[in-house]
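Report on the following structure.
The values are calculated or read from the model by the stated rules, or taken from the named source; none is laboratory data. This is a predicted model, so every value here is computed, not measured. With ideal geometry, Cβ positions are generated from the backbone for all residues, glycine too; neighbour counts draw on all protein chains shown. Heads up: the accessible areas ignore ligands, DNA and RNA and are worked out on the full protein's heavy atoms, side chains in. Shrake-Rupley method; radii C 1.70, N 1.55, O 1.52, S 1.80 Å.
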Amino acid sequence: VYAKKMVKYSLVIPCYNESKNIIAILEKVKFSFNPKVIELIIVDNGSTDNTQLILKENLKKYPFATSIKIPINHGYGHGIFEGLKTAKGKIIGWTHADQQTDLLDTLKGFEFFKRDCDIENLFVKGNRKGRNYFESFFTLGMSILSSIILRKLLWDINAQPNIFHKSFLKNIKNPPKDFSFDLYVFYKALKLKKRIKRFPVYFYDRIYGESKWNKSFQSKFKFIIRNMKYIFKLFFNKNE
């Protein structure tokens, strides 16, 4: 059993019907990270597949990992925030369960904190590469609109991973429960003048399952509308 006091890094992974990816995630963390200093928090965000069964049967084999069960899915952001609040490490963050960005990108992100002398003011975020033309165009459009309205350089808002010092968590108050969570946290980091470190991460096709929101042009359009509504909410409420 790993001593809790040794935990330096906490990684939250929200899962909604991602049961086919869970074992691969656990195995990659086991063999690529130092299990004595990493804490993996898998958030079962209201899954309706056999996620709970997979966790129950396998989690005991991975003592660095814990899980949180949220009975009803209130949104992507809600699941991440609930996981972050339980983190024990000094350096915490999240990434996706779909493996479209390599889990090892998080390991690269943690490395920046080892070499930095002011880790409380550092915010590390991926910058996606290798996406198709349509996805890149969508990201460009959202980035330009967000940056103009909020007057911050909000580029590739939904890129993973997102990593920061645990002290930053106290600034996250009443965050959005949906996919605007990425935008909110990134905007907070910029507003508080955190030093933003971006590094390239490559975007791959899903091996298992399907996106919970990026299924069609219609779902993409709905995502844009929701994000734009939240952008204007941030614009008009300077205290957010």
Mind telling me which of the residues Phe123, Phe113 ends up being assigned to a helix (DSSP H, G or I), touching a helix residue (DSSP H, G or I) at 6+ places or on another chain (Cβ under 8 Å) and either closer than 30 Å to Ser67 by Cα or among the acidic types (Asp, Glu) (or both)? Phe113
Every pair of residues 6+ apart whose Cβ atoms lie under 6 Å, when the first sits in region 43-62 and is at negative phi while the second is assigned to a loop (DSSP other than H, G, I, E, B): Asn45/Tyr16; Asn45/Asn73; Ser47/Tyr16; Ser47/Asn17; Asp49/Asn17
How many residues does region 142-181 contain that are charged (D, E, K, R), part of a loop (DSSP other than H, G, I, E, B) and either under 18 Å from Ile196 (Cα atoms) or in contact (Cβ under 8 Å) with a residue 40 or more places away in the chain (or both)? 5
Select from region 126-140 the residues that are outside any loop (DSSP other than H, G, I, E, B) and touching a residue at least 40 places away in the same chain (Cβ under 8 Å) and write down the one among them that is least open to solvent (accessible area, probe 1.4 Å). Gly126
For region 61-82, which residues satisfy the criterion of being among the aliphatic types (A, V, I, L, M) and either surrounded by fewer than 21 Cβ atoms within 10 Å (Cβ to Cβ) or under 20 Å from Phe164 (Cβ atoms) (or both)? Ile68, Ile70, Ile72, Ile80
If I go through region 21-52 residue by residue, how many of them are farther than 20 Å from Ile80 by Cα, in contact with a strand residue (DSSP E or B) (Cβ under 9 Å, 6 or more places away or on another chain) and part of a helix (DSSP H, G or I)? 1
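Quick grid of which residues meet (1) within 20 Å of Asn158 (Cα to Cα); (2) among the hydrophobic types (A, V, I, L, M, F, W, C); (3) at pLDDT 95 or above; (4) out of contact with any Ser or Thr (no Cβ under 8 Å at 6 or more places or on another chain):
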| residue | (1), (2), (3), (4) |
| --- | --- |
| Val7 | no, yes, no, yes |
| Ile23 | no, yes, yes, yes |
| Glu27 | no, no, yes, yes |
| Asn50 | no, no, yes, no |
| Thr101 | yes, no, no, no |
Being β-branched (Val, Ile, Thr) and closer than 15 Å to Val12 by Cβ narrows Ile119, Ile54, Ile72, Ile91 down to just Ile91
For region 197-213, name all the residues that are under 17 Å from the mean Cα position of the chain (by Cα), surrounded by 15 or more Cβ atoms within 10 Å (Cβ to Cβ) and at pLDDT below 90. Phe203, Lys212
Of the listed residues (Phe123, Phe112), the one being open to solvent by 10 Å² or more (accessible area, probe 1.4 Å), in contact with a Lys or Arg (Cβ under 8 Å, 6 or more places away or on another chain) and at negative phi is Phe112
Of everything in region 83-95, what is in contact with a strand residue (DSSP E or B) (Cβ under 8 Å, 6 or more places away or on another chain) and surrounded by fewer than 19 Cβ atoms within 10 Å (Cβ to Cβ)? Give them in sequence order. Thr86, Lys88, Lys90
